[in-house]
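Some notes on the structure that comes next.
The values are calculated or read from the model by the stated rules, or taken from the named source; none is laboratory data. It should be emphasised that the depicted structure is a prediction, and the values quoted were computed from it without experimental measurement. Ideal geometry is used to build each Cβ from the backbone, glycine not excepted, and the neighbour counts take in all protein chains shown. These accessible areas exclude ligands, DNA and RNA; they are computed on the full protein's heavy atoms, side chains included. Shrake-Rupley method; radii C 1.70, N 1.55, O 1.52, S 1.80 Å.
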Amino acid sequence: MAEDTSSPMDRFCGSTFWNATETWYTNDPDFTPCFEQTALVWTPCAFYWAFVIFDFYYLKASLDRNIPWNKLNVSKALVNLGLLVITALDLIMALVKKGGDSELPLYDLDVWGPIIKFATFLLVFIFIPLNRKYGVQTTGCQFIFWFLLTVLSIPRCRTEVRLDAERQKILNSQQPSEQDFSWEEYQFVSFFIFFTFTSIMLILNCFADGMPRQTKYQRGENEIPELSASFLSRITYQWFDKMALKGYRNPLEEKDLWDLRPQDSCSEVMPIFAHHWNQNVRKNYKNKARVEPKAQFSNGNVTFENPHGEKNGRKKGMASIMPPIYKSFGGVFLFGALMKLFTDTLTFAQPQVLSLIISFVEAQEAEPEWKGILYAVLLFVLAAAQTFILGQYFHRMFIVGLRIRTALINAIYRKALRISNSTKKESTVGEIVNLMAVDAQRFMELTTYLNMIWSAPLQIGLALYFLWQQLGPSVLAGLAVMIILIPVNGVIASRIKTYQIRQMKYKDERVKLMNEVLSGIKVLKLYAWEPSFEKQVLDIRDKEIATLRSTAYLNAGTSFLWSCAPFLVSLVTFATYVLTSEANQLSVEKVLVSIALFDLMKLPLTILPMLSVDIAETQVSVNRINKFLNSEELDPNSVLHDSSKPHPMSIENGEFSWGDEITLRNINIEVKKSSLVALVGTVGSGKSSVVQAFLGEMEKLAGVVNTVGKLAYVPQQAWIQNATVRDNILFGQTYDRKRYNKVIDACALRADIDILSAGDLTEIGEKGINLSGGQKQRISLARAVYSDADLYLLDDPLSAVDAHVGKHIFEEVIGPKGMLARKSRVLVTHGVTFLPQVDSIYVMKMGEISESGTFDQLVKNKGAFADFIIQHLQEGNEEEEELNQIKRQISSTGDVPELLGTVEKAIKLARTESLSDSISVTSADSLMGRGGSLRRRTKRQDSHDSVASAASLKKKQEVEGKLIETEKSQTGGVEFAVYKHYIKSVGIFLSVATLVLNFVFQAFQIGSNLWLTQWANDQNVANDTGLRDMYLGVYGAFGFGQVLSKYLSGLALAIGGLHCSMNVFNKLLNTGLKWPMELFDTTPLGRILSRYSKDVDTVDSVLPAITVQLLNTCFGVLATIVVISLSTPIFLAVIVPIAFLYYFAQRFYVATSRQLMRLESVSRSPIYSHFSETVTGASTIRAYNVGDRFIEESDAKVDKNQVCKYPSVIANRWLAIRLEMVGNLIILFASLFAVLGGQTNPGLVGLSVSYALQVTQTLNWLVRMSSDIETNIVSVERIKEYGETKQEAPWELEQDKNKPKNWPQEGHVEFQNFQVRYREGLDLVLRGVSFNIKGGEKVGIVGRTGAGKSSLTLALFRIIEAAGGRISIDGVDIASMGLHMLRSRLTIIPQDPVLFSGSLRINLDPFEIKTDDEIWKALELSHLKSFVKSLAAGLNHEIAEGGENLSVGQRQLVCLARALLRKTKVLVLDEATAAVDLETDDLIQKTIRTEFKECTVLTIAHRLNTILDSDKVIVLDKGQITEFASPTELLDNPKSAFYSMAKDANLV
């Protein structure tokens, strides 16, 4: 035979492998049988062998096991078996029928063909039971394998059918034939059986297998369908249809959402990240002593190592979060990168096909029509493949982003529970929360684009390569332009970055200040200080706007550069090309393919600089997070738990500091088992610090601290969670009704709980906003008592409660007969009363222990303690029976006459002045009986235990007890009014200008492209250089028009955006500060803050950016439709149905996506509020050792947020796939019509196809942007809503100006039948109160908690407005004047001393109207002068957020100084002396008596001496005045409630 000249493949088959005349140059194309049996079968096989590794990976990664046998997998196995049998049969038949002695030669193909198929089918077959065993429900590789195999077998079907027909012809013809057709017949039958089976396999692979029996995580009703969706459903996101439909029909709610995929939950993500983080931390230490096992989820908690390490580990540098992130999430990321590479290659195949289409149209007559159709379909297939792969790519990237965010948020949370105090000082709560809210979020946003780092240069390189083929070296001219633009852009980008860092700084400052303003809003209102703080905020905002302005201009510059770049490049390139040589003529193909390639370069070139900015920003975030995660932690070993020591709590030779100078030195304390130890001393002597030292909160410089057993801790300032009263007390323990009721009664909380609207199920606002100081303190104590620990650290728990309640609590809880009698207790106290009953006393002075011992020993010593007692007793602050007790105690020690004398005097004093506000007047007799103790109150417990009534109550209570309104996430579309509001804020003129300019820009662009094709079509250009130059010149002019219109539109938008930012924020701030107090009580701080941070940020930087892109894409789509319709008018017929498809996808998507975004943002705030709550209460959480529980709560909140986030990511993909398919249809029709429509102008055809190629992306962006606008405009909506809420009365009124400067001159206060309630719909708290106070009178107000004492003062300041009646001061009705007029003329010393960060001076005089002398005078009178003098900065001493760097007592004194500076005629004291020790209390009282002699003073009384010398006493009960007279008068009348209270205290 002559076939030996042929290729090895020909020899292998025994027939021709490739025959071009048969396949290509013909009107009836076909492949050769050899090609069909080798290439077309082996391609799918090769694919499967190449990618089978993924199938193995999925087996390994699967979290489930054991899918039961079912119809599907059994049929798969059977059909696969059938295929194996038929392939084996092929081989056997070939060996039998061919070769050897038969006349048919046996070729290699006959042996190897079946063997290769058999091996592949076997491999597939093995995976059927494997996938079943490992719970893999669907596999992509197999689906693609069967798909390819089926599709590529179709040409052979045609061939076999034709051959069969020919055989039939020969057999039917009359000539007797020698030929034996049995082998061919066999092949025919065997092939069709094979083809049927592969088709069945393809169909079977479209479905997913059944549910696995064993799963690592519970798979609930609500599990996400994705887990059991088939491969086909996954790549088309068809499993999401249900949700899209549901969301379209009615707004989605939380219950409609699916559970989280287990692999994305904290419990899967965290251990991996923690493991890599710990490895990384260990690498940073030179001594690799500790090698730890992989981080596990031991009882659900992940340990992170401390990068600060042991003190001995020499640190190489900061441990960075980047390596652990690569290692933990790099795998998925790499897989994504692989997909990206694939799509990039596909992208560049498109211009090649485009050039084929153009040459096809040019040579229309010569070419057969099927080629045109083939090209059109090929273009469609390329685009579709790209769509599906990109969909998966983005999906993968988003998942990585989500996981990184989860990991970072949790790492930050766990770290925040362990940071040391010096770290805490460096950053405020707001800044730490920002790490979570902003920086971790930024990571998530970057991951999608990160691959562009390598992909963009690759795309540019490919584009240049193909361009070189079209235009030769002229490309370099264009490239030069691009390269010149890059550094220009780099410079701009770096400028933008510096501005952005600056803006971040201002934003942090602004949010921090707003946080303080909102936390202390009550004080600001009472002092009428809002304008000062509003000005401070606006000052920061102005700086922020200035940086925003610079950024906006620069951004306009960049976007201008980049939109003109492609044009400039093509202009320069074409000009160079035609001008370098006469021979260089532009042909249509050259022009359009080049333009298409330049367009492909446009995206990577635009993205590179943006990406560099993003990466720089993320770098800033990484540094911030690194700094935080590497910051110093509390040393877990500073407190030992050595049970061999004799006492459960001890400090030996301790020396401690708060991070700077030494605070405590020479501390030696021993607490014996079951003993009660008291710490006493003046304000700032270091009592609380000792408690902190026991907790391990302080930095231990020397000595040994030892505690053995479970701790409970009551901080000086109670930390209350935003939860119900009961949850606050249980603090994570189980509810035991009997014990709980015992604790409630012992802590005197029963009466308070009765008052609350829903009993102990009442929700407490953030920071316990709706409780009084005493209630918070008692709840905090109840939490400790309920926790049933071994060791108790009580940091002044009795300071905020009334004397009687204090006594009750001491007896029932702390004292030798109390609930804690068997525990070891350390009590910090200011009161002397209880000291005789404690086992030992330590006296603190200046951070050292000056003496210690029992009460008797210390009294005998006549040292610091004796002075302390004498000083204390002189204030006459104690009840008589207690003094008698102290007297007995002292006289028994003998030999201390001067002390005894003091006690005698104090007793005389006490007889005359006893009075108490702890018992409500009407119930005094019934409760107190004659016994004087509150112990009988326990009788009431029985009624509380009746369960039946409790159940019916419970429902009602839960409804009533909600204080914090749940955040409304609005449903349905955003009203048009919001857009109108936004456009108005931007400015009508600027808005219109932007639109017009964008329109002009597009017109120029289309014009320039049409002009180019005109030029390329013009045959005369070749001979006429003049004509050529004319074309070039006009082309340049078009370009100039583009550049100009683009620049102006960018500028208009930038200016408009700034306008809007300023308007929106100023209005928000202005109205926000004018909210009535009730709104602040019912809206959590975090929610208001998010308006000022997140929503304002959206308006500042997100909305303008989206608007630019929206306009660009919108006009881009219009341009495409115009161009395609110009070239092929028939296209307009297809546009209508396509537009419908598009519209539906868009509506479905927007409805669902918007609601998902809203749900997501609502579920995001709890993460942050919970976090800031944790940071505030970190020491309590550590003391109780419940960190793990809080970490779990945080994880649950993050997971819940992911539950809302994940579907919205999917919604994006779901839409993208559908829209891009719509775009791909546009490509298909545009190219089909161009090929079939007989259009003869190749230029127009090429232009319309190249526009169609871009439309996919543009369509996608259009929907994305329009829905982004919708989701982000929600910020404007929320700000607008806050701006339109109810306002308090106006601050200033015209008629105020007529009032004298020194009004009120007399300070005469009158209440007339005054009624008030806290909020609409609540009961009255004051029910018709009338009394008259003359100017200069001193009045005490008493009554039980909840009797309405505070409401009286709040009403005086119009913090709550009257519901009836009136209050007048100096005869003027206070309701008739501006709030500031009123509030600035009254003075209050509030219950909680609130300070703001800033200088001491700003805290005393925010309007800066007082002179230094006046301020020093006030400081002197408030006994702070020596303290302030001792500070380096004096009056400019920076006060930390919330006044953290002053003791509570000092803060109270600062408040006194404020009052002294204002010196108005009316002074209100609200339980002001609660947190101060007795010395300071005495000082305050003296100051008030002397300095406010002329003024009217209203005192809400706590201790007897505070109101003893007052002129009148008001006794309030249940919102009514029961008695109003002078104390002596009331004591003379045995029937008065006042008298009975005095009597109960054994005073009369």
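Distance between the 7 Å Cα→Cβ label points at LYS543 and LYS1286: 3.8 nm. Full extension of the chain between ALA385 and LEU1044 gives 233.4 nm of extra length, using 0.36 nm per residue less the Cα-Cα distance.
Take the Cβ atoms of ASN1020 and LEU1236, set R0 to 30 Å, and the FRET efficiency comes out at 0.45.
With R₀ fixed at 30 Å, the C-beta to C-beta distance from MET322 to ALA349 puts the FRET efficiency at about 0.25.
Where only DSSP H runs of four or more residues are counted, the chain gives -20500 deg cm²/dmol as its mean residue ellipticity at 222 nm, each run worth -39500 (n - 2.57).
Only Cα pairs under 8 Å and 6+ residues apart enter the sum, and on that basis the relative contact order of the range 716-765 stands at 64 percent.
Considering every alpha-carbon pair of the range 320-431, the percent of pairs per 5 Å bin, from zero through the bin containing the longest distance, is 2, 9, 13, 12, 10, 9, 8, 7, 7, 6, 5, 4, 3, 2, 2, 1, 0.
Tilt of helix 322-362 relative to the longest C-alpha principal axis of the chain, in degrees (0 to 90, nearest 10)? With both axes taken from Cα atoms, the answer is about 40 degrees.
For the chain, the longest principal axis of the Cα atoms and the long axis of helix 1103-1127 meet at an angle of about 20 degrees. For LYS602, give me every one of the lysines with a C-alpha distance below 20 angstrom, ignoring sequence neighbours fewer than eight places off in its own chain. Hits, sequence-local ones excluded: LYS340, LYS590, LYS1046. The label point for ALA363 and the one for ASN861, both projected 7 Å from the Cα toward the Cβ, are 11.1 nm apart.
Protection proxy ranking of 590-596, 1435-1441, by the mean of other Cβ atoms within 10 Å over each peptide's residues and highest first, is 590-596, 1435-1441.
Could you tell me the center-to-center distance, by alpha carbons, between the range 1174-1207 and the range 680-730 in angstrom? The two parts, judged by their Cα centres, are 21 Å apart.
Of all aspartates and glutamates in the structure, the ones whose alpha carbon falls short of 12 Å from that of LYS1417, not counting any fewer than 8 places away in one chain, are GLU1491.
Magnitude of the charge dipole for the chain, about its Cα centre and with charges confined to Cβ atoms of Lys, Arg (+1) and Asp, Glu (-1), is about 2440 debye. For LYS1493, the aspartates and glutamates whose Cα falls under 13 Å of its own Cα, not counting residues fewer than eight places away in the same chain, are GLU1306, GLU1337, ASP1509, ASP1511.
Binning all Cα-Cα separations of the chain at 10 Å, short to long from zero, yields these whole-percent fractions: 1, 6, 12, 16, 16, 14, 11, 8, 6, 5, 3, 2, 1, 0, 0. Summary of packing: across the peptides 1330-1339, 246-255, the per-residue average of other C-beta atoms within 10 Å ranks them, highest first, as 1330-1339, 246-255.
Subtract the Cα-Cα distance of TRP112 and LYS710 from 0.36 nm times their separation in residues, and report this length gain in nm to one decimal.
Details: separation 598, 0.36 × 598 = 215.28 nm, distance 7.60 nm.
Full-extension gain reported as 207.7 nm.
In this structure, the pairs whose alpha-carbon distance is over 23 Å, taken from LYS497/LYS627; LYS710/LYS742; LYS1205/LYS1280; LYS645/LYS807; LYS543/LYS1094; LYS76/LYS242, are LYS1205/LYS1280; LYS645/LYS807; LYS76/LYS242. Dipole of the range 96-176 computed with +1 at Lys/Arg Cβ and -1 at Asp/Glu Cβ about the Cα centre; of CYS157, ILE144, PRO105, farthest Cα towards the positive end is ILE144. With a Förster radius of 25 Å applied to the C-beta separation of TRP24 and TYR465, the computed FRET efficiency comes to 0.45. Sorting the segments 1262-1275, 1127-1140, 1301-1314 by their residues' average number of neighbouring beta-carbon atoms within 10 angstrom, most packed first, yields 1262-1275, 1301-1314, 1127-1140.
For the chain, the relative contact order is 11 percent, taking Cα pairs closer than 8 Å that sit 6 or more residues apart in sequence and dividing their mean separation by the residue count. Does the range 1226-1295 come out rounded, prolate or oblate by the C-alpha gyration tensor, with a ≥ b ≥ c the root eigenvalues, rounded set by a/c under 1.5 and, if not, prolate when a/b is larger than b/c and oblate if not? Taking the square roots of the gyration eigenvalues as a ≥ b ≥ c, the range 1226-1295 is prolate.
Applying a 4.7 Å Cβ-Cβ cutoff to the chain, the cysteines left without a disulfide-compatible partner are CYS45, CYS141, CYS157, CYS206, CYS266, CYS564, CYS747, CYS1060, CYS1114, CYS1204, CYS1455, CYS1495.
Taking Cα atoms only, the orientation of helix 1131-1176 departs from the longest principal axis of the chain by about 30 degrees.
The accessible surface of the chain, taken with every protein chain in place and a 1.4 Å probe, is 60 percent carbon and sulfur.
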